[in-house]
Amino acid sequence: MHSSLISFLTDPSFYVALVALLLSVWIYFAHDKRIKRQETLINQFELERLMLEKELQKKANLEILIDDSQSARKDLIIVNTGKNLASDIRISIEENEGIEGFIITERILPFELQPNQRRTITLFLHTGSPDCVTATLKWNDEYKADNEVTYKFAL
């Protein structure tokens, strides 16, 4: 019995099998560690994406489009491209030259816009109208109060 154990331990195939076993155990744990690290990164990425999505659900995003198909009239189209209600929308329009160069038809301010809703404000131009106008939009939404965006456009 004792001699068979010694002959078994002196057999090179035993050591080859032992090294193969230890190597496969080491590879398994190294691979498992790498998989867990990747899962952690994927979970962090997914959490950040969900937080950003939740944040975007609370935001309203207002843009001004200009319809200048008529020469004496410019329509400022205010569009809510966000995913939430924009409330208490205020617009201030300033001429760069400082002269009264146009007439605004709508004075129903402040107002609200639902997502994908639009509102048109018409500017009638006359002699002495400025070449360039700056429009500032301010609004409140669920994410933040007093959001502000400024547009500069040519008349």
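The values are calculated or read from the model by the stated rules, or taken from the named source; none is laboratory data. As the structure is a prediction and not an experimental result, all values here were calculated from the model. Positions of Cβ are generated from backbone atoms using ideal geometry, with glycine treated the same way; all protein chains shown enter the neighbour counts.
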Total residues in region 118-155, condition surrounded by 14 or more Cβ atoms within 10 Å (Cβ to Cβ) and outside any strand (DSSP E or B): 6
Options 53, 39: the member that is within 29 Å of residue 85 (Cα to Cα), not assigned by TED's automatic domain parsing to the domain that holds residue 81 and not aliphatic (A, V, I, L, M): 53
